[in-house]
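A.B. asks: One structure coming up, written as structure tokens, with questions to follow.
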Amino acid sequence: MNYDKLIFELSKKGRQGYSLPEDNYHVDGFSAIPKELLREEKPQLPEVSEPDVVRHYTNLSNKNFGVDTGFYPLGSCTMKYNPKINEELSGLSGFTSLHPLQDEKSLQGALELYWNLQRMLSEIAGLEEFTLNPYAGAHGELTGLMVMKKYHESRGDLKRKKVIVPDSAHGTNPASAMVAGFDVVEVKSKPNGSIDVEDLKPLLDDSVAGIMMTNPNTLGMFETEIREIAKLVHEAGGLLYYDGANLNPLLGKVRPGDMGFDIMHINLHKTFSTPHGGGGPGSGPVGVAKHLVNLLPMPHVKKDENGIFHIEGENPDSLGSISSFLGNFGVMMKAYAYILSLGRENLKQVGPLSTLNANYIKENLKDDYLLPIDGVCKHEFVFDGLKDKSTGVTTLNVAKRLLDYGFHAPTIYFPLLFHESMMIEPTETESKETLDAFIEVMHKIAQEARENPEVVINAPHTTIVRKLDETNAAKNPVLTYKMLKESEA
Ligand SMILES: *Cc1c(COP(=O)(O)O)cnc(C)c1O
């Protein structure tokens with residue numbers, strides 16, 4: 001533990017990696033920082049040389065596991081490869097040096113890109129219009145539910161307080177509905193994970209604001225009764241919200257708007273290949289059907305009849321503002337580059353290839369792992385732990401053992417429908433060789449579980465840190481640099 005601190009704490013009093021001019025608050029004769037905003041005391045920053053900094057970050061990055069390091073089959077998260085061309089294009093200084101308060105005339109290129117993305121997502125989703133403002137999937141859900149609320153309120157339909165959420169839903173769904181001020185009512189899944197229409201029917205009365213669904217559902221199965229569900233919810237006066245985090249397998253093939261959904265969010269940082277994880281910037285655009293367009297948040301980018309782009313800042317029907325300015329523009333640029341570099345036809349290959357990869361893994365592993373729902377899945381599927389339950393080896397153990405073999409773990413203990421859930425999503429960008437290597441290792445772990453369970457139970461063995469104190473990390477996170485006292489170092 002002390003050794004860890006020693007290698008982490010590199011600061012030495014007086015050491016420096018860079019020198020600034022004495023008077024560094026004045027650039028070309030103008031004061032960059034007003035006097036009243038200047039610090040009175042020096043901030044506590046690490047004092048290190050340039051090689052110290054470079055080695056520190058390079059070593060940290062080597063300790064990390066990422067999509068660029070290895071296979072990352074984290075179910076529901078769509079950890080697809082992040083093409084480097086996206087980074088290159090979004091890093092062009094013409095974009096990165098823009099300021100949101102610049103005159104509209106000087107932003108036309110960026111606004112055109114923004115507007116084009118609004119149109120592309122609308123076409124992909126089969127919906128009328130998109131806002132790109134929300135920062136993440138969960139933020140998109142909240143925005144979409146605020147649209148739902150505003151819709152009922154604007155019609156004077158004030159009784160609609162209930163949002164129906166399936167028991168297999170992603171945790172953000174009920175949370176977003178609560179934050180938006182709705183009461184959450186659960187609808188049960190059938191054994192195959194799809195919504196039980198018979199359980200849904202009695203819930204549909206005049207207090208229903210809407211239903212939140214994902215299709216394919218959390219178990220990776222397509223909701224074949226979606227038309228019937230849409231009809232029933234609409235007849236009851238409710239709206240259908242589509243959690244589009246699972247859009248990958250349907251991309252360009254099936255459109256949520258055509259299935260009957262009124263509102264949806266898309267995770268650009270899943271389906272559209274922009275990086276995510278570690279709390280990095282995301283983007284959760286929200287699309288709506290025609291009758292809800294006016295309620296979308298502001299600002300919004302519009303194109304006039306002369307082909308000039310404008311930032312529309314106010315609209316009396318809008319639910320207001322949910323982000324600063326237009327949202328995470330850098331993330332949108334990456335998604336835009338992704339759509340353009342794939343093109344319409346190749347975009348349609350994403351779904352079939354991710355589906356093929358998921359089914360390939362599933363079929364090859366179901367001899368050793370318990371597959372509670374058999375049949376063709378979409379882009380992901382769920383095992384209920386090892387088939388042989390007598391070994392004492394749990395899903396957590398298998399997940400940790402995978403790290404020893406250089407693979408990221410799948411999503412574990414979600415969905416809650418099974419005790420030992422292990423949710424595997426390979427994505428379309430993985431080669432057959434990678435899938436085969438993963439399958440081989442999963443078989444090997446199953447064999448270890450039978451022959452030498454201790455080695456699996458005590459995993460990981462080869463990682464930089466072994467079992468982590470996850471509770472302490474979550475309860476007492478240290479998120480900023482803190483200089484250690486001499487005695488602690
Ligand atoms: C990832 C995910 C979300 C939440 O998206 P964030 O960007 O993490 O907020 C919501 N629903 C489903 C099904 C997801 O997989």
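A.B. asks: Of Met221, Met212, which residue is open to solvent by less than 40 Å² (accessible area, probe 1.4 Å), in a loop (DSSP other than H, G, I, E, B) and in contact (Cβ under 8 Å) with a residue 12 or more places away in the chain?
C.D. replies: Just a single option satisfies the conditions, and that option is Met221.
A.B. asks: Something else now. Answer yes if at least one residue in the stretch 293-308 is within 16 Å of the ligand (Cβ to nearest atom) and either in contact with a helix residue (DSSP H, G or I) (Cβ under 7 Å, 6 or more places away or on another chain) or open to solvent by 10 Å² or more (accessible area, probe 1.4 Å) (or both), and no otherwise.
C.D. replies: no
A.B. asks: Quick one: how many residues across the stretch 349-384 are of a type in the set (Ser, Thr, Tyr) and open to solvent by 50 Å² or more (accessible area, probe 1.4 Å)? Outline the logic, then answer.
C.D. replies: From the stretch 349-384, those of a type in the set (Ser, Thr, Tyr) are 354-355, 360, 369; that's our starting set.
Restricting the remaining residues to those that are open to solvent by 50 Å² or more (accessible area, probe 1.4 Å) gives 360.
The total comes to 1.
A.B. asks: Do the conditions hold for Lys80, that is, is it under 30 Å from Ile439 (Cβ atoms), touching a residue at least 40 places away in the same chain (Cβ under 8 Å) and open to solvent by less than 80 Å² (accessible area, probe 1.4 Å)? First the steps, then the outcome.
C.D. replies: On the way: under 30 Å from Ile439 (Cβ atoms): yes; touching a residue at least 40 places away in the same chain (Cβ under 8 Å): yes; open to solvent by less than 80 Å² (accessible area, probe 1.4 Å): yes.
The answer is yes for Lys80.
A.B. asks: A further question follows. Please verify whether Thr69 is within 16 Å of the ligand (Cβ to nearest atom) and either open to solvent by 70 Å² or more (accessible area, probe 1.4 Å) or modelled with pLDDT of 90 or more (or both), treating the condition exactly as stated. First the steps, then the outcome.
C.D. replies: Numbers: within 16 Å of the ligand (Cβ to nearest atom): no; either open to solvent by 70 Å² or more (accessible area, probe 1.4 Å) or modelled with pLDDT of 90 or more (or both): yes.
It is false that Thr69 is within 16 Å of the ligand (Cβ to nearest atom) and either open to solvent by 70 Å² or more (accessible area, probe 1.4 Å) or modelled with pLDDT of 90 or more (or both).
A.B. asks: Show the residue pairs meeting these rules: Cβ distance below 7 Å; 6+ apart or different chains; first residue within the stretch 400-412 and of a type in the set (Phe, Trp, Tyr); second residue buried (at least 21 other Cβ atoms within 10 Å of the Cβ) and assigned to a helix (DSSP H, G or I).
C.D. replies: Phe407/Phe438
A.B. asks: A further question on this structure: When the residues of the stretch 72-95 are filtered to those that are within 14 Å of the ligand (Cβ to nearest atom) and among the polar types (S, T, N, Q), which remaining residue is modelled with the lowest pLDDT?
C.D. replies: Ser76
A.B. asks: Return a yes/no flag: does the stretch 234-252 have any residue that is under 30 Å from Gly66 (Cα atoms) and away from the ligand (no atom under 16 Å from the Cβ).
C.D. replies: Checking the stretch 234-252: at least one residue is under 30 Å from Gly66 (Cα atoms) and away from the ligand (no atom under 16 Å from the Cβ).
A.B. asks: Next up: How many residues are assigned to a helix (DSSP H, G or I), under 15 Å from Val185 (Cα atoms) and open to solvent by 30 Å² or more (accessible area, probe 1.4 Å) when one looks only at the stretch 132-173? Break it down into steps so the answer makes sense when it comes.
C.D. replies: Narrowing the stretch 132-173 to residues assigned to a helix (DSSP H, G or I): 137-154, 172-173.
Filter again for under 15 Å from Val185 (Cα atoms), leaving 145, 172-173.
Cutting the leftovers down to open to solvent by 30 Å² or more (accessible area, probe 1.4 Å) gives us 172.
Of the residues in that region, 1 qualify.
A.B. asks: Name, by its number, the condition in (1) surrounded by 23 or more Cβ atoms within 10 Å (Cβ to Cβ); (2) away from the ligand (no atom under 12 Å from the Cβ) that does not hold for Pro285.
C.D. replies: Among (1) surrounded by 23 or more Cβ atoms within 10 Å (Cβ to Cβ); (2) away from the ligand (no atom under 12 Å from the Cβ), Pro285 violates only (2).
A.B. asks: Select, from Asp317, Asp304, the only residue that is more than 19 Å from Glu141 (Cα to Cα) and out of contact with any Leu (no Cβ under 9 Å at 6 or more places or on another chain).
C.D. replies: Asp304
A.B. asks: Between a first residue in the stretch 387-399 that is of a type in the set (Ser, Thr, Tyr) and a second residue that is part of a loop (DSSP other than H, G, I, E, B) and open to solvent by 50 Å² or more (accessible area, probe 1.4 Å), which pairs have beta carbons less than 7 Å apart while being 6 or more apart in sequence or on different chains?
C.D. replies: Listed by first residue and then by second, the contacts come to Thr395/Tyr413.
A.B. asks: Please work out if Ser176 is in a loop (DSSP other than H, G, I, E, B) and within 16 Å of the ligand (Cβ to nearest atom).
C.D. replies: Criteria not met by Ser176.
A.B. asks: Of everything in the stretch 179-209 that's open to solvent by 60 Å² or more (accessible area, probe 1.4 Å) and touching a residue at least 60 places away in the same chain (Cβ under 8 Å), which residue is farthest from the ligand (Cβ to nearest atom)?
C.D. replies: Pro191
Yes/no matrix, rows are residues, columns are (1) modelled with pLDDT of 95 or more; (2) assigned to a loop (DSSP other than H, G, I, E, B); (3) under 30 Å from Leu232 (Cα atoms); (4) touching a His at 6+ places or on another chain (Cβ under 7 Å):
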position: Pro249; (1), (2), (3), (4): yes, no, yes, yes
position: Gly252; (1), (2), (3), (4): no, yes, yes, no
position: Leu268; (1), (2), (3), (4): yes, yes, no, no
position: Ser283; (1), (2), (3), (4): yes, yes, no, yes
position: Glu305; (1), (2), (3), (4): yes, yes, no, no
position: Ile311; (1), (2), (3), (4): yes, no, no, no
position: Asn315; (1), (2), (3), (4): no, yes, no, no
position: Ser318; (1), (2), (3), (4): yes, yes, yes, no
position: Ser324; (1), (2), (3), (4): no, yes, no, no
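A.B. asks: Looking only at the stretch 135-162, which residues are in contact with a His (Cβ under 7 Å, 6 or more places away or on another chain) and within 16 Å of the ligand (Cβ to nearest atom)?
C.D. replies: Those that are in contact with a His (Cβ under 7 Å, 6 or more places away or on another chain) and within 16 Å of the ligand (Cβ to nearest atom): Gly137, Gly140, Glu141, Gly144.
A.B. asks: Criterion first (small (Gly, Ala, Ser), in contact with a Ser or Thr (Cβ under 9 Å, 6 or more places away or on another chain) and within 23 Å of Ser273 (Cα to Cα)) does Gly330 satisfy it?
C.D. replies: yes
The values are calculated or read from the model by the stated rules, or taken from the named source; none is laboratory data. Since the structure is predicted, the reported quantities are computational estimates derived from the model, not experimental observations. Quick reminder, even Gly has a Cβ in these numbers, built from the backbone with ideal geometry, and neighbours come from all protein chains shown. SASA here: full protein model, heavy atoms, side chains in, ligands and nucleic acids out. Shrake-Rupley method; radii C 1.70, N 1.55, O 1.52, S 1.80 Å.
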